[in-house]
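Please find one structure pasted underneath; my questions will follow.
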Amino acid sequence: MKRKAISLFSGGLDSVLSAKIIQNQGIEVEGVCFTSPFFNAEEAEESVRELDIPLWTVDITKDIFRLLKFSPHGFGKGANPCIDCHILMIKKAGFLMKERGASFLITGEVLGERPKSQNRAALNIIGKESKYGDYLLRPLTAKNLAPTLPEREGWVKRESLLGIKGRGRTTQLDLARKLNIERYSSPAGGCLLTDPIFSRRIKNLLMQGGLNINEVELLKAGRHFYLGESAKLIVGRDEEENKKIIQLALEGDFCFRVVGFPGPRGLLRNGGERGETIFKAASIVARYSDSPLNKTTVEYYRAPDGRKISISVSSINNEELEILRDK
Ligand code: SF4
């Protein structure tokens with residue numbers, strides 16, 4: 001009987017190699033990748049062309065938001081709840097395994113590659129708490145671990161699996177050359193929750209109790225400035241961000257643009273009614289415009305369709321700008 005495996009497929013080299021090793025044993029492989037506002041399927045969709053296999057995409061936004069609020073196994077250096085995220089992904093892949101009539105799961109995990117989420121204890125926890133431990137084969141590092149069901153049953157040949165350990169990439173890169181694999185993304189590329197600046201912003205959002213998709217999308221766009229306790233201004237860095245910022249404006253937000261010169265869009269949230277904050281926001285928006293004037297006209301309105309008001313402001317000076325910038 002021809003066996004089938006579901007590969008947790010991020011598009012990174014380790015996931016491509018794991019799938020290829022199993023494919024080369026005559027086992028059918030299907031991939032699954034996960035999306036949320038913090039990571040997407042682009043890299044997986046690109047790399048999967050190396051293998052010519054179907055790729056299923058599962059949106060786990062709700063689950064990741066839940067884990068950001070409470071992650072039983074804690075976070076990495078950023079806001080990345082990697083152990084719990086792996087458990088979640090393996091559970092989801094397990095459902096797909098049953099649905100697709102597959103016999104086991106594979107991942108590109110390597111013992112010791114990530115200090116917190118891929119040490120022996122963490123791999124054991126992931127297997128145990130996902131409840132798929134015995135079905136979970138890690139082809140790149142299998143020889144460092146106890147044989148799993150697919151190995152014991154002879155569905156895969158353990159002798160053809162690998163015993164890679166640690167953070168070095170030489171073995172994987174050699175293997176990629178040998179197997180003619182050219183398309184793969186950089187290790188851990190893609191997850192914003194590992195980015196230090198983004199993580200800090202997410203933690204601030206969590207402290208304010210404001211974690212939702214709109215806020216997260218705003219965090220991903222533009223330059224950010226804090227103009228008061230909770231007042232924040234987001235200034236677009238290019239046309240695409242300008243558009244996105246305005247699309248994300250909620251009722252009560254103020255939207256800014258410079259009149260007469262090319263310049264960014266700005267969005268002020270939680271700015272209240274204080275003229276002082278409005279002027280400050282306008283002076284920042286003016287600072288990033290092409291206006292050479294001492295006084296620049298900035299137009300603003302209250303979303304969604306408030307009356308447009310024009311004010312004349314001087315650009316903020318660099319020193320003050322740096323104090324307000326969310327670095
Ligand atoms: S790096 Fe991001 S996507 Fe990957 S396991 Fe950690 S939290 Fe999940």
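Starting from residues that are assigned to a loop (DSSP other than H, G, I, E, B) and more than 22 Å from the chain's Cα centre (by Cα), keep the ones in the stretch 1-26 and report whichever is nearest to Phe104 (Cα to Cα).
Across the stretch 1-26, the extreme among qualifying residues is Arg3.
So, one more: When only residues in the stretch 31-51 that are within 14 Å of the ligand (Cβ to nearest atom) and hydroxyl-bearing (Ser, Thr, Tyr) count, which is surrounded by the most Cβ atoms within 10 Å (Cβ to Cβ)?
Ser36
Limited to the stretch 90-130, what total is found for residues that are of a type outside the set (Gly, Ala, Ser), over 21 Å from Leu161 (Cβ atoms) and touching a residue at least 12 places away in the same chain (Cβ under 8 Å)?
The total comes to 7.
Out of the residues in the stretch 251-272 that are more than 14 Å from Asp238 (Cα to Cα) and among the small types (Gly, Ala, Ser), which is modelled with the lowest pLDDT?
Gly272
Considering only the stretch 52-153, give the helices (runs of 4 or more DSSP H) lying wholly within it that have at least 1 residues that are surrounded by 14 or more Cβ atoms within 10 Å (Cβ to Cβ), within 16 Å of the ligand (Cβ to nearest atom) and basic (Lys, Arg).
Where helices (runs of 4 or more DSSP H) fall fully within the stretch 52-153 and carry at least 1 residues being surrounded by 14 or more Cβ atoms within 10 Å (Cβ to Cβ), within 16 Å of the ligand (Cβ to nearest atom) and basic (Lys, Arg), they are 61-69, 82-99.
To continue, here is another question. Any chance you could count how many residues in the stretch 85-137 are over 27 Å from Phe65 (Cα atoms) and charged (D, E, K, R)?
Residues in the stretch 85-137 being over 27 Å from Phe65 (Cα atoms) and charged (D, E, K, R): 2 in total.
A quick yes/no check of all residues on (1) over 28 Å from Lys128 (Cα atoms); (2) touching a strand residue (DSSP E or B) at 6+ places or on another chain (Cβ under 9 Å):
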site: Trp155; (1), (2): no, yes
site: Gly168; (1), (2): no, no
site: Arg183; (1), (2): yes, no
site: Phe198; (1), (2): yes, no
site: Lys203; (1), (2): yes, no
site: Leu206; (1), (2): yes, no
site: His224; (1), (2): yes, yes
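Arg177: among the charged types (D, E, K, R) and assigned by TED's automatic domain parsing to the domain that holds Thr61, yes or no?
Yes: the conditions hold for Arg177.
How do the pairs read when you match residues in the stretch 55-78 that are over 24 Å from Glu42 (Cβ atoms) with residues anywhere that are of a type in the set (Val, Ile, Thr) and away from the ligand (no atom under 11 Å from the Cβ), using Cβ under 7 Å and keeping only pairs 6 or more apart or on different chains?
His73/Ile125
Any residue at all in the stretch 283-306 that is part of a helix (DSSP H, G or I) and among the basic types (Lys, Arg)?
Looking through the stretch 283-306, at least one residue is part of a helix (DSSP H, G or I) and among the basic types (Lys, Arg).
Still on this structure: Just to verify a result, which residue in the stretch 180-235, among those that are among the β-branched types (Val, Ile, Thr) and surrounded by fewer than 15 Cβ atoms within 10 Å (Cβ to Cβ), is nearest to Ile316 (Cα to Cα)?
Ranking the qualifying residues of the stretch 180-235, first place goes to Ile197.
The values are calculated or read from the model by the stated rules, or taken from the named source; none is laboratory data. Everything numeric in this text was worked out from a predicted model, so none of it was measured. Counting neighbours? That spans all protein chains shown, and the Cβs are built from the backbone with ideal geometry, glycine included.
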